[in-house]
Every structure is written in C-alpha cells, then in structure tokens.
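Working notes for the structure below.
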Amino acid sequence: MRTALEFTSTLESKIAEQLQSQRVGYLLGAGSSYLNGNGYPLSFELWDKIKVHISDVEKRDEIQRKIDLPGTKGIENALDLLDGGGPEAGDHRHLVAKAIADLFLPLAPPLDSHVEFVRRLAAKSLPHVKVFNLNYDPLIERAAELEKVRLYDGFAGHEHAYFDAATFEERIFRIRGTYKGRQTDETAKPLHLLKLHGSLGWYHCDTRGVRRCGFGVSIPDNTNRLMIPPQRRKADDTMTQPYQALWSAFRGALGQDHNPLHRLACIGYGFADEHVNTVIESALARTNFTVLIFAKKLSDEAWNRWSAKSNVIIVTEDRCAIKSEVGAGHPDLWKFEHLSKRI
C-alpha cells in the first residue's frame, strides 16, 4: 500500500510519462475554457446566463420545464427531449444557439494558456496532433493564429469559409531537387481541431451549405448557427454535416483507423455527455489505449464508472485514481493552465 506522498509522486510521474508519449490526442471540455472565471462559462451555469437572451418567452419556458425535470443533465439533454428525434435541429435549439452566441461574442478572454498549449503541440515531431473540442468558443483558433501555428478545422476559404472534411487528409510537402533526384520533405504539420459540438462562427445556409464566418461577427441573415447538435441519433447516416465527418473522425482516431491514438487526454470534461462517453468507453477495449481525465471534480456516478477501469488515470481536486488505485486529490494537476505547460 502506497503512502499518500508516494501515490502523488507516482501520479505526477505517470502523467508526465503519458503526456510525453507518442500518439496522444486531446479532448477539451468547458473546464479548459473557464480560465478560473476569466474565460467562458461552465456547462452547469450556461443556461442561467443565456436565458435572458431568449426573447420567445413560451419556448424559453418550455426549455426551463425540461431542465427542471429530474434526471435532465443540462441544456443539451433538455433540447434533445424537445426535438423530434431526427438529425435536424428544432426551433428551441436554434434559439439556444443564438443566445449562446450573443453571450460569447463580446467576450475576449486571455489567450496565454491556449497559446502555450498550441505552441507545445505544434513542436511535437508527429504530424497532425488531434484536438477534439466540445466547446463553442474560439480560444484554440485565436491562440493558433496569434502564435502562427497552422491549424486545420475542416474549413477552407476566407470570409465565409466552406466545410470540406478532405482537408483533414491533406499533408504539406516541399519538392526539391538533389543529387539523388527529386526529394519531398514535409514542411508543416498542422494541428487538427475537430469541434464535435459545432462552434461560434459556424452556420448552415440552404443554398451554400456549411460555412464559417468570423468569430466576432453575426452570421448572415436566413442562416442557422451550427452549435449544440442533436444527440438522439443511432447511426452515422442519420447525422448531418459537418457533424457526420467530425464524429466519424473521432471514432476513427480512437480505434477504427489503421493507426489510432494510444492515449486520450481529457481536460476540463466532466464525463456527463453519454454520446462522448460511449465512444471513449468502446476504445478502452483496446489494451494499448489509456484515458487521462483532468477535471476539477467528477460526479460520483462518473467517478465510479471510470475510476475502476484498469486503463484510466483520473486527476481531480479532491481524489485521483491510477488504473483503479484511488488516492488523494491534487491541487494543480487537473488545471488546463497547469497542463498547458507540461504537454
């Protein structure tokens, strides 16, 4: 039996080893954008902050009644209960997406930690480090642009970029002549950012398809924001773009690709979204796959489910687990600001 000091030392050592390993991907939840209250709101407080932006009182009250039902897990779950169950978003979802955008548009959180995060990822030797993001905010995109880090998010273009999933398959090479003949060198290794829940700036136009405009501007008239996708879906063919391509890439990276990830570092995600959890849990059937969970806290339900698994390491403020061995919490190691300096 390890002492508390030995457990913490082992935990820190294993985390450092895992984060510096090969084939590591990242999953970012709301906690990674909170920035100790200086960033964007956490999931559990989002509804209270956006409901004043919903002018349709009848639909706002309908959403509130669903949220108040026992067992409802947040605004996304409430919207699923109000939708008809198909792939298309309903009116309630469009109202909430607009309200989130109205709340987020004026915000300009500090980028220091996210700049450090993308800078370190870009310095890694392997191409196309994958960052799966559950957040709607543009912190990663703005940090990458500020730091001059190439980033692919599935869009190509300028003022109203168009979605093309094929961009995730592109590589950048330089062709040069040598005494051995033509040689090719990979000159850039862009990060891959896959925003599984959509994003500020993303919208759908009936005539021009899936588009992305500037993060700080309103979307064009007669279009709908692409945020908070419906989750009551059973198969790929019932999903709409861009979500179909993004979720297929997520599942592929965790096990279906010919060279899948060996580790997934989940930062600021409380494991309350079952559609995400199902994909991760399926990947844990692989013996060469490890999940690292960094969160301020986990619910007892989430803790009991994930801490017992032999290929999961959990770091929270009040308790930690190393492959089913439970120990004391850690004061800093769960924070995005701390981890961004150590990946």
Counting DSSP beta bridges in the chain, what percent are antiparallel, to the nearest 5?
50 percent
Express the relative contact order of the range 184-343 as a whole percentage, based on alpha carbon pairs under 8 Å and six or more residues apart in sequence.
13 percent
Starting with the fewest neighbours, write out Ile100, Ile50, Ile140 ranked by other beta-carbon atoms found within 10 Å of each beta-carbon.
Ile50, Ile100, Ile140
Restricting things to alpha carbons, find the Rg to Rh ratio for the range 277-343 using the Kirkwood radius for Rh.
0.97
Taking a cut-off of 12 Å between Cα atoms, list the aspartates and glutamates near Lys189, but don't count ones fewer than 8 places away on the same chain.
Glu169, Glu170
If you average the sequence gap of Cα pairs under 8 Å that are 6 or more apart and divide by the length of the chain, what percent do you get for the contact order?
20 percent
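When the helices in the chain are scored as -39500 (n - 2.57) per DSSP H run of 4 or longer and the sum is shared across all residues, what 222 nm value do you end up with, to the nearest 500 deg cm²/dmol?
Helix contribution divided over all residues of the chain: -9500 deg cm²/dmol.
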Euclidean distance of C-alpha centroids, the range 199-220 and the range 1-22, integer Å
44 Å
In whole Å, largest first, what are the principal axis extents of the Cα atoms in the chain?
62, 59, 38
Within a 10 angstrom radius of the beta carbon, how do Tyr40, Tyr179, Tyr162 rank from fewest other beta carbons to most?
Tyr179, Tyr162, Tyr40
With the radius of gyration and the Kirkwood radius both derived from the Cα set of the range 1-147, what is their ratio Rg to Rh?
1.07
Show the residues, 5+ positions off or on another chain, whose built amide H is closer than 5 Å to the amide H of Phe155.
Asp164
When Phe168, Phe336 are ranked with the fewest other C-beta atoms within 10 Å first, the list becomes Phe168, Phe336
Approximate spin-label separation Ser248-Leu69, in nm, with each point projected 7 Å along Cα-to-Cβ:
3.2 nm
Length added when fully stretched, Gln18-Tyr162, from 0.36 nm per residue minus Cα-Cα:
48.2 nm
Geometric extent, Cα atoms of the range 1-66 - Rg, Dmax (angstrom)
20.4, 59
Starting from the exponent 0.38 and prefactor 2.2 Å, build the expected Rg for the range 23-105 from its residue count and divide its actual Cα Rg by it.
1.19
How far apart, in nanometres, would the label points at Leu126 and Asp102 be if each is projected 7 angstrom from Cα along the Cα-to-Cβ direction?
4.4 nm
In whole Hz and in residue order, list the ³J(HN,Hα) couplings for the range 286-292 that follow from phi through the Karplus curve 6.51 cos²θ - 1.76 cosθ + 1.60, θ = phi - 60°; x for Gly and Pro.
6, 6, 9, 10, 10, 10, 10
Quotient of Cα Rg and 2.2 N^0.38 Å for the range 148-271, N being how many residues it contains
1.28
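Read the figures in this text as sums done on the coordinates, not as results from a lab. Keep in mind that what you see is a predicted model, and the values were worked out from it rather than measured. Because the Cβ atoms are built from the backbone with ideal geometry, glycine has one as well, and the counts that use them run over all protein chains shown.
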